[in-house]
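The values are calculated or read from the model by the stated rules, or taken from the named source; none is laboratory data. Given the structure is predicted, the values throughout are model-derived calculations rather than measurements. Because the Cβ atoms are built from the backbone with ideal geometry, glycine has one as well, and the counts that use them run over all protein chains shown.
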Ligand code: MV4
C-alpha cells in the first residue's frame, strides 16, 4: 500500500480523499494556491505545499509545480480528484516517469477515451451500442451533407476533442448544415486546437444514465450500477440519483453488461464512468467514458455502502477484485449546491459566508469544504457543497432531501438551494417523468 498520497486538487474532493487516506493509514500532502491557504484541505492534510498564485494555470494545472511538490514531500502516489489534471494523459505519463503512481488509468486509456471518435470506434469493436453516425471524422462539408441526408435530420455535429457538451451543434434542416458546420469547426479549433468534427443522429428527449465501473490490474472489470444525471443545465449537472427512475431491471442488466464490455475493451484499470443516452423507447447508446472519480460518486457509495475512493486506491495499489457486480440496495440522491444565483441565470456569486449550518440526521450526508467565515474564491468551480440523502424508496428520499435542504443555513452569498427546494416539489420530477430538456422549461419562483 502507498505510504504518502499527494492530492493534486482542492475543495470538497481534496477533503474527501484526505478522509479516506486517514482511515487507511496513508499520509497525505495537500497542494494549494495562495487563494486557498485558509482551506480545510490544507488544514486536514499531514503536509501542505503552496504551488502558486490563484490562477489555475499557474497552480492546480501546473504539472512542474505539482511534480516539485511530489519531489520535496516524497509522496509515492498522486490522486488527481476530478477536473484539473484528472484526465490529462501527459500528467499521468509524467507521474509514471517520476516513479510515482498516478491513481487512475494509464495514459493510453485516458487518451483513447479523450478522443471521442477513437472512443466510439473502440465501443463499436467491443459490441457496445453507439448512436448511428459518421464512420470517423467528416472529411469536408460535402460528405457531411451527404451523410446527414442519409442518416436523416435532425443530426448533431460534435467535436472529436470535445465532450461534456462543448462544441456541439444540432442541425434540424439541410439548409442550416453549412452554417452550423462552419461554426462547429471554428469553435472546436478555438477550444481544443483540433477542428475534427463527426456527425450523429440527434436523439430527441434523451435521459443521461451513466454506469460506475471499476477495473483491477488483472483484467477484471465490474459495474457498480447507474446514476441518472438527466437534471442538468447547460451541461452542468444539478442533481444525480440512483436507481434511475427510468431503468427496468432488464435494462440495468443490459446496460451494466455493455459498461463492463466497454471497460474490458481497453483493459480498464481504476474507477471510471460509462455515459449513455437513453431514448424514449428505452434504447441506449454509448456517449462517452470518463476516466476519473466523478463529483456524483457519493450517490453510488450510499446505495452500495462502499467507500469508492478506498476501492480506487486499493486497485491502484494492485488489489484484486472479486468479479461480482454491485446492485443498489437503497435509493440515493445528490443536490449540488453552487455559489450561483438561480434567480439571475445561475450567475456565479462567490464571496464571504457569514453563517453556515449543515443539515444532519438520519440518512443525510453533506460533502463540503466551506464553513462560516470562509470566502468562496472567484477563481474556481462554483460548487461549494453536495447534499446526499439515502432512503428505502424514492419518495422517502425526496422527503428526506426536503427536510435536509430546509435545515441548510448558508448566508452571505446566493446559492442554488432555492432551486433544489423548488425541484423537490415539482410534479414531473416527483413522478420521475423528465428528460435533458427539463430545466429549459423550469421556471424559478
Ligand atoms: C447527444 C444528444 C442527442 N443526440 N448526442 C451532451 C453532452 C455530451 N456528452 C453529449 N450530449 C448530447 N449528445 C446525440 N446523438 C444530446 C446531448 C445532450 C445532453 C446529453 C446528456 C445530458 C444533457 C444533455 C443536454 C443537451 C444535449
### Message
Which of the helices (runs of 4 or more DSSP H) found entirely inside the stretch 374-445 contain at least 1 residues meeting this: touching a strand residue (DSSP E or B) at 6+ places or on another chain (Cβ under 6 Å)?
### Response
394-407, 417-425
### Task
Please state which of the following conditions residue 31 fails to meet, knowing it meets all the rest: (1) outside any helix (DSSP H, G or I); (2) closer than 23 Å to residue 161 by Cβ.
(2)
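Restricting attention to the stretch 90-124, which residues are within 28 Å of residue 50 (Cα to Cα) and surrounded by fewer than 21 Cβ atoms within 10 Å (Cβ to Cβ)?
Hits for the stretch 90-124 are 90, 93, 94, 96, 97, 98, 99, 101, 106, 107.
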### Query
Out of the stretch 272-299, which residues are under 9 Å from the mean Cα position of the chain (by Cα) and under 22 Å from residue 329 (Cα atoms)?
273, 293, 294, 295, 296, 297
### Query
In this structure, does residue 35 turn out to be closer than 18 Å to residue 313 by Cβ and at pLDDT 95 or above?
no
### Task
Scan the stretch 91-103 and give yes if some residue there is within 20 Å of residue 259 (Cβ to Cβ) and without any contact (Cβ under 8 Å) to a residue 24 or more places away in the chain, otherwise no.
no
### Task
Test residue 150 against the criterion of being within 14 Å of the ligand (Cβ to nearest atom) and surrounded by fewer than 22 Cβ atoms within 10 Å (Cβ to Cβ), and give yes or no.
no
## Note on the structure
Given the conditions (1) closer than 30 Å to residue 214 by Cβ; (2) in contact (Cβ under 8 Å) with a residue 60 or more places away in the chain; (3) surrounded by fewer than 19 Cβ atoms within 10 Å (Cβ to Cβ), every one holds for residue 137 apart from (1)
### Task
Test each condition in (1) within 30 Å of residue 254 (Cα to Cα); (2) more than 14 Å from the ligand (Cβ to nearest atom); (3) touching a helix residue (DSSP H, G or I) at 6+ places or on another chain (Cβ under 9 Å) for residue 121 and report the one that comes out false.
(3)
### Scan of the stretch 154-177 for residues that are surrounded by fewer than 18 Cβ atoms within 10 Å (Cβ to Cβ) and within 12 Å of the ligand (Cβ to nearest atom), ordered by number
154, 164, 165, 166, 170
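Rundown of residues vs (1) touching a helix residue (DSSP H, G or I) at 6+ places or on another chain (Cβ under 9 Å); (2) crowded, with 19+ Cβ neighbours inside 10 Å, yes/no style:
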{"position": "317", "(1), (2)": "no, no"}
{"position": "327", "(1), (2)": "yes, no"}
{"position": "337", "(1), (2)": "yes, yes"}
{"position": "350", "(1), (2)": "no, no"}
{"position": "353", "(1), (2)": "no, yes"}
{"position": "372", "(1), (2)": "no, no"}
{"position": "377", "(1), (2)": "yes, no"}
